[in-house]
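Just below is one structure, and these are the notes that go with it.
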Amino acid sequence: MRKQFFAAAALAMGTALAGMSAAAAGDTLNFGCFSYADTLDPAVLTNSSWCLTRYGIGECLFRFNENMEAEPYLCDSYEVSEDHLTWTFHIREGVRFSNGNAVTPSAVVASIQRVYDETDPEKGGTGAATPRTYMEYESMTADDEAGTVTIVTSKPYADLTGRLAYPCFCIIDVSEEEAGKNIGEEGPSGTGPYVVEEFAADQYVLMSANEYYWNGDVPFENVQITFVDDDTTKAMALQNGDVDMVENITSASALAQIEAMPDQFTVSRASSARTGFAFLNMDGILGNETLRQAVQMALDHDTMCNITVGGMYIPGYSILPSALDYGYEELTNPYSYDPEAAKALLDEAGIVDTDGDGVRELDGENINLNYVTYTNRNLSDFAQAVQVYLSQIGIGVTIQTTDADTNWNLISAGEYDLGDQNWITVGTGDPTDFLGNWYSKSESNFGRYANEEYDAVYESLLAELDTDQRKEDIRQLQQILLDDGVAIVHGYYTSSMCSSKAIENASIGIADYYWLTSEITPAE
């Protein structure tokens, strides 16, 4: 019966690309979402691991609650040494992977170790995930008899539990890899409520209920995920009954239409812990401080947030959202919107248009910034607006719009001047790791930024265990980034999940890691 369903579903998914398949009745949940990765291997891309937790395939030792606090999950208790270097986790008993294998301490260690090995070039790893950004360790051992995993970290962590709740540490059965299973293409065996039956990159995922699920009943026998990049198509699919739920409709008008029909649809919104921003590549032309300052002063973020993207973002100037408790009100923005001052700054520095073509030159060459973006969460809309604003002060911009994976690969390789992203800023419970993207010694320093003062404060933050001092360090780091103008902050995004009245409890959380949960059920 299951084979017959998936054969029919695969055929339906083929037509879905042209116009969305009709929703299956009763035991099937239909979900339309953006395609964030073309593989389900958590070591290949950070986005891949997010897919595992978002689709209900995999889970971590800890899970974030609605207050962004890490709570035990596959781990049911833990102990930490006084020096915060030795962490011992007791693995919950009775949990099995979707293939029936037991989740033992040895299996947990093997799963975490694989992500490190597969991203270590010295071991032949080619993955682009960055687990070392979140945890550096000296040793990791399993005691199956005691049911524990002990991790000795390379440095003290104020809270390792939030780091182990990050999706790249999703626990999967890696013993299947030795048996020849292609985890990326076939999907791993995890501990979530659903198991992958078929995965077609950038097209669809077909899943069924995990018969070994440990945490209650699985409400749907089958799940169909159809990848839909276009917001209008997402909204129409929901309104037409082709899907039961969709994530992040970023067209303000389309979202308003759905919100105007509360008797037919439910809209869940999350508080703003996400920042939409563009990295500035310091290895390129934007290494010029005057040019960076002029770029910042040329942009009207209030208009872009409130008009260009229809209020989908809250305007702000710091890299961390104003709603978070990290001293936003104490910060000073040195580059408020002032295009005339931006022009004067460039003129004074001799960055002028000498040939009358409307574009200023630097070092004898026209300034033409390579702006890489992708069509999700309004980022491409911001890119187009930035292009217009910068043209008004004589700076050229060429926009390169790609899919999310290509965008990420270009930024990772440094093949850009401006590189769009939309990230949750407290991905491990606080912004330490996010701020590491501008730490010169970090492998995630994608903007090639180097500032000795920033590095010193960041290193202090890494070693600091006192909560109040950590907040002060974080405030200082924000101000340094503001002063140096090394990121274009678009604003603070509000995530959403829209669903029909055919289902209940389809919500979006501040963590944005958990979409298809066992809490989503058919309406009674």
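The values are calculated or read from the model by the stated rules, or taken from the named source; none is laboratory data. For clarity, every value in this text was computed on a predicted model and none was experimentally measured. Neighbour counts are summed over all protein chains in view; Cβ atoms, including those assigned to glycine, are modelled from backbone coordinates with ideal geometry. These area figures cover heavy atoms from the full protein model, side chains too; ligands, DNA and RNA do not enter into them. Shrake-Rupley method; radii C 1.70, N 1.55, O 1.52, S 1.80 Å.
Overview of values
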{"quantity": "Residue count for the range 482-501, restricted to those that are at pLDDT below 95 and open to solvent by 20 Å² or more (accessible area, probe 1.4 Å)", "calculated": "1"}
{"quantity": "Residues of the range 246-267 satisfying the condition of being among the hydrophobic types (A, V, I, L, M, F, W, C), surrounded by fewer than 24 Cβ atoms within 10 Å (Cβ to Cβ) and not in a helix (DSSP H, G or I)", "calculated": "Ala260, Met261, Phe265, Val267"}
{"quantity": "Residue within the range 456-475 that is under 28 Å from Tyr55 (Cβ atoms) and open to solvent by 10 Å² or more (accessible area, probe 1.4 Å) present", "calculated": "no"}
{"quantity": "For Val359: the one exception among (1) open to solvent by 70 Å² or more (accessible area, probe 1.4 Å); (2) more than 29 Å from Ser272 (Cβ to Cβ)", "calculated": "(1)"}
{"quantity": "Every residue from the range 167-185 that is touching a helix residue (DSSP H, G or I) at 6+ places or on another chain (Cβ under 8 Å), open to solvent by 20 Å² or more (accessible area, probe 1.4 Å) and in a helix (DSSP H, G or I)", "calculated": "Ser175, Glu176, Glu177"}
{"quantity": "Residue count, the range 220-243 (criterion: open to solvent by less than 40 Å² (accessible area, probe 1.4 Å), in contact with an Asp or Glu (Cβ under 9 Å, 6 or more places away or on another chain) and either over 24 Å from Thr402 (Cα atoms) or part of a loop (DSSP other than H, G, I, E, B) (or both))", "calculated": "3"}
{"quantity": "Whichever residue in the range 47-66 is open to solvent by 20 Å² or more (accessible area, probe 1.4 Å) and touching a residue at least 60 places away in the same chain (Cβ under 8 Å) and, among such residues, is farthest from Ile91 (Cα to Cα)", "calculated": "Asn47"}
{"quantity": "Criterion (surrounded by fewer than 21 Cβ atoms within 10 Å (Cβ to Cβ) and either small (Gly, Ala, Ser) or under 23 Å from the mean Cα position of the chain (by Cα) (or both)) met by exactly one of Ala298, Ala270, Ala278, Ala294", "calculated": "Ala270"}
{"quantity": "Extreme residue, nearest to Leu465 (Cα to Cα), among residues of the range 72-90 that are free of Cβ contacts under 8 Å to residues at least 60 places away in the same chain and among the charged types (D, E, K, R)", "calculated": "Glu82"}
{"quantity": "Members of the range 37-46 found to be open to solvent by 10 Å² or more (accessible area, probe 1.4 Å) and within 22 Å of Lys234 (Cβ to Cβ), listed by number", "calculated": "Asp38"}
{"quantity": "Lone qualifier among Tyr374, Tyr328 - being touching a strand residue (DSSP E or B) at 6+ places or on another chain (Cβ under 7 Å) and in contact (Cβ under 8 Å) with a residue 12 or more places away in the chain", "calculated": "Tyr374"}
{"quantity": "Any hit, the range 310-323, residues being open to solvent by 30 Å² or more (accessible area, probe 1.4 Å) and free of Cβ contacts under 8 Å to residues at least 60 places away in the same chain", "calculated": "yes"}
